[in-house]
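*Asks:* This structure is in structure tokens; I'll ask about it shortly.
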Amino acid sequence: MTEDLLEDAIVRFEEALPHAELSEDACDRLRAPVSSLKVSVPVRMDDGKLRIFSGYRVRYDDTRGPAKGGIRYHPAVTAAEVTTLAFWMTFKTALMDLPFGGGKGGVAVDPKQLSASELERLSRGYLAAIADVIGPNVDVPAPDVATGELVMGWMAHEYAKIRRGHHPGVVTGKPLALGGVPGRTSATSDGALHVLRTVQPRVLPGVDHPSAAIQGFGNAGSQLAAGLASSGWRGIAVSDSSAAIHDPKGLDIPALREHKTSTGSLADPPVGEEIGAEELLCLEVDALIPAALEGAIHAGNAEKVRARVVFEVANGPLTADADRILDEAGVEVVPDILVNAGGVTVSWFEWVANRTGDRWTEEAVRRRLEERMVTETKAVLALADERELRLRTAAYVHAIERLSEAMDAKGTAALFGDGDR
Ligand code: NAD
């Protein structure tokens, strides 16, 4: 992704500004990140050769608490992409009223090309390179694309070695054995289901068994597909980076998940027919659910979208142009900063548990997650009605007003010293 991604993200922020009550200071401060770090990570490969990987960690804003955001491993990771993802995290944590700001990290790497031990050396090396700018009170990483609890466990351990002490709250999404909380791996899809159920009467009134096409069959997309199937939805198409599968009558999602787990991809599926990747985005469905990477729906294909609602599980799956085209076509879009906020919300529970030395039960995690997701979804719906806004604009207004209030409460004196935390 290019610099355009950040410009594109700022467009949504600017669209919300006329509808939000915020100070000029807050408006200016939200236009650029607090800090950006680029690191080079040397890794000894299994064949004895040294390879240098580029890594990034961006703290976009930390007015409301430590920066919070995942670490992505993908060949296309750039400084601009990480900055944009950190920008979205800033609004997401404010929208959910979590005591966090927004951050993000990433390494430009194709993890599928690395052995397990190379991946571990890279993860530990990257953590060591960013150790000075993270910490439980400063910036708290978590999983994102192609990183999960295994990587978070290595990173938590590497940080403990560097600091010579236990700091489990330095990263979230850890294995249970290292201070993770139950329900973290399904938190994003569980949260998305709560949002979906809350908005469904508004965006799909009177539809009993809605159909869905889901792009991206990884952690978030495949678990959501399973959750939808058990909530009476029909998943009629799913895709990953290797194949797209379609069955107008509804796919056997458990069979496809098993196939993906055992073979590593959706290619040669046991059920359904293979279709083109772009074809999936243009199917006539109740809900199109992009759950892969940013920019999937753009000016070049948005006019072909025939869904009634787009439910953004991925971060930034629609460009600003696509957003405009869908709006004009009357397609409702439920925005990413609300839909996929379940992951960071359960990360908050994990961070709280780590700092208090407490253990949270799965029941408590699920109950608190539902409460947070439903409360903030209803607040966005109410704001949309009250100020006559699209759901994305309403979500941004809700977040911007919380950020502005916190920035203004700190007073301008903080801007002249090092007390600007
Ligand atoms: P993941 O790596 O587990 O899965 C990504 C999936 O997308 C894989 O199945 C991959 O094959 C597929 N994919 C990649 N390019 C594709 C393409 N062009 N067409 C179709 N499929 C493609 O990642 P994830 O954790 O599920 O994250 C997916 C999205 O959700 C990302 O935008 C991420 O930032 C966002 N998100 C994830 C979480 C979380 O907790 N996992 C939380 C918030 C947001």
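The values are calculated or read from the model by the stated rules, or taken from the named source; none is laboratory data. Keep in mind the model is a prediction, meaning the values are calculated, not measured. Note: ideal-geometry Cβ built from the backbone for every residue, glycine included; neighbour counts use all protein chains shown. Just the protein is used for accessible areas: all its heavy atoms, side chains included, with ligands, DNA and RNA removed. Shrake-Rupley method; radii C 1.70, N 1.55, O 1.52, S 1.80 Å.
*Asks:* Leaving out ligands, DNA and RNA, what percent of the accessible area of the range 198-261 is carbon and sulfur, probe 1.4 Å?
*Replies:* 50
*Asks:* Of all beta bridges DSSP finds with both residues in the chain, what is the antiparallel percent, to the nearest 5?
*Replies:* 50
*Asks:* Moving on. If you roll a 1.4 Å probe over the heavy atoms of the protein chains, what accessible area per residue do you get for the chain, in Å²?
*Replies:* Result: 41 Å² of accessible area for each residue.
*Asks:* Can you list residues whose amide H is under 5 Å from Ile71's amide H, if they're 5+ apart or on another chain and H is modeled 1.01 Å from N?
*Replies:* Gly105, Ala142, Asp144
*Asks:* Here's another thing I want to ask about it. Relative to the present Cα-Cα distance, how much length would full extension add between Ser231 and Glu405 at 0.36 nm per residue of separation?
*Replies:* 58.8 nm is the gain from fully extending Ser231 to Glu405.
*Asks:* Could you state the number of Å between the C-alpha centres of the range 71-127 and the range 195-218?
*Replies:* 28
*Asks:* Can you give the accessible area of Thr261, probe radius 1.4 Å, in Å² rounded to 10?
*Replies:* 120
*Asks:* Given R₀ = 30 Å, what would the calculated FRET efficiency be for Ser54 paired with Thr356, taking r from the Cβ atoms and rounding to 0.05?
*Replies:* Using R0 = 30 Å, I get an efficiency of 0.25.
*Asks:* Let me ask another. Between Arg44 and Glu386, take the C-beta separation as r, use R0 = 41 Å, and let me know the FRET efficiency to the nearest 0.05.
*Replies:* Once rounded, the FRET efficiency stands at 0.10.
*Asks:* Strictly over 29 Å apart at the Cα level, which of Lys104/Lys304; Lys49/Lys112; Lys49/Lys260 would you flag in this model?
*Replies:* Pairs exceeding 29 Å: Lys104/Lys304; Lys49/Lys260.
*Asks:* Right, here's the next one. Select from the range 136-175 those trypsin sites (Lys or Arg not before Pro) which occupy a DSSP coil region and have at most 11 other Cβ atoms within 10 Å, ordered by residue number.
*Replies:* Sparse-neighbourhood loop trypsin sites (Lys or Arg not before Pro): Arg164.
*Asks:* Scattering from the C-alpha atoms of the range 31-117 alone, worked out with Debye: what is log10 I(q)/I(0) at q = 0.23, 0.24 1/Å?
*Replies:* -0.98, -1.04
*Asks:* Taking 0.36 nm per intervening residue step and subtracting the Cα-Cα distance, what contour gain separates Glu328 from Asn137 on full extension?
*Replies:* Answer, rounded to one decimal: 64.4 nm.
*Asks:* Equivalent ellipsoid semi-axes for the range 36-173, as square roots of 5 times the alpha carbon gyration tensor eigenvalues: give them largest first, rounded to whole Å.
*Replies:* 24, 16, 12
*Asks:* Of all beta bridges DSSP finds with both residues in the range 187-339, what is the antiparallel percent, to the nearest 5?
*Replies:* Taking every DSSP beta bridge within the range 187-339, about 30 percent pair in antiparallel fashion.
*Asks:* Taking 37 °C and 0.692 mPa s as the conditions, I'd like the Stokes-Einstein D for the chain in µm²/s, using the Kirkwood hydrodynamic radius from alpha carbon pairs.
*Replies:* D = 151 µm²/s.
*Asks:* Something else about it: Can you give the three extents of the C-alpha atoms in the range 187-339 along their principal axes, from longest to shortest, in whole Å?
*Replies:* Largest first, the range 187-339 extends 41, 31, 27 Å along its Cα principal axes.
*Asks:* How much of the DSSP bridge set in the range 36-173 is antiparallel, in percent, rounded to the nearest 5?
*Replies:* Counting only bridges with both partners in the range 36-173, antiparallel ones make up about 65 percent.
*Asks:* If Lys378, Lys410 are ordered by their accessible area, calculated over protein heavy atoms with a 1.4 Å probe, which sequence runs from highest to lowest?
*Replies:* Lys378, Lys410
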